[in-house]
1. Could you list the residues of segment 149-176 with an amide nitrogen less than 20 Å from a label point located 7 Å from the Cα of ARG60 in the Cα-to-C-beta direction?
2. First check a/c for segment 13-163, with a ≥ b ≥ c the square roots of the eigenvalues of its C-alpha gyration tensor; if it is under 1.5, answer rounded, and if not, answer prolate when a/b is larger than b/c or oblate otherwise.
3. Figure the gain on full extension for LYS35 and GLU2 (residue separation times 0.36 nm, minus the Cα-Cα span) and round it to one decimal in nm.
4. Cut-off 12 Å, label point 7 angstrom out along Cα-to-Cβ of ILE142: give me the residues of segment 111-128 whose amide nitrogen falls inside.
5. When the Cα centres of segment 49-70 and segment 1-47 are compared, how far apart do they sit, in Å?
6. Taking the Cα centre of each part, how many Å lie between segment 95-142 and segment 144-178?
7. When the label point is put 7 Å from the Cα of PHE48 along its Cα-to-beta-carbon vector, which residues of segment 116-156 have a backbone N closer than 14 Å?
Amino acid sequence: MERLVGKPAPGFLMKTASGDGKELGEVSLQNYKGKWLVMFFYPLDFTFVCPTEISGYSNRYDEFKKLGAEVLAVSTDSQFSHQAWINLDPDKGGLGKLNFPLASDITKAVSRNYGVLIEEEGIALRGLFIIDPEGMVRYSVIHDLNVGRSIDETLRVLQALQAGGLCPVDWKPGEKML
């Protein structure tokens, strides 16, 4: 797989379920032109680690918004599965209301283009991409299915990218750059 960081983000057009679970729609990379996009892939709806990540990003959505970023979660499930999962009570294994949409990569083309598709299983690895307002991939991390991501680290990297300088290890906003 060719690297994506430093290159234009692969375009996409996917069906979505709105974060409130009321509407179905579509989303494309063009919808995020002029904004930062934190797009993360997860394996499957109605599983165990995924809802902790999705709910975690939703709970901290305002922090991303303050940084001029949008969040989009993607799996290879259908938009109808996403909608059912959002509308199911969290006490019964559902997600409940979210602050961003869930996108359906049912064709698996987007997961393939971003290098996260496990072909033999038809699901995505846990991949996260930060795309800048000009549509360039600035950050990418892909890891095992069993380990959830760090929202703190995602925010830190987003802030470091926006700072526009050389940020040393564990840099945080307000700290000296190199």
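Only the coordinates and a few stated rules stand behind these numbers; no lab work does. In this text the structure is predicted, and so the values were computed from the model without any measurement. Cβ: placed from backbone, ideal geometry, glycine included. Neighbour counts: every protein chain shown.
1. 149-164, 167-175
2. Values: a/c = 1.38, a/b = 1.25, b/c = 1.11.
Rounded shape, in that the Cα axes give a/c under 1.5.
3. Values: separation 33, 0.36 × 33 = 11.88 nm, distance 2.46 nm.
So the chain would gain 9.4 nm between LYS35 and GLU2.
4. Within reach of a label on ILE142, which here means backbone N under 12 Å from a point 7 Å along Cα→Cβ, segment 111-128 contributes 111-119, 124-128.
5. 14 Å
6. 20 Å
7. So the set is 145-148.
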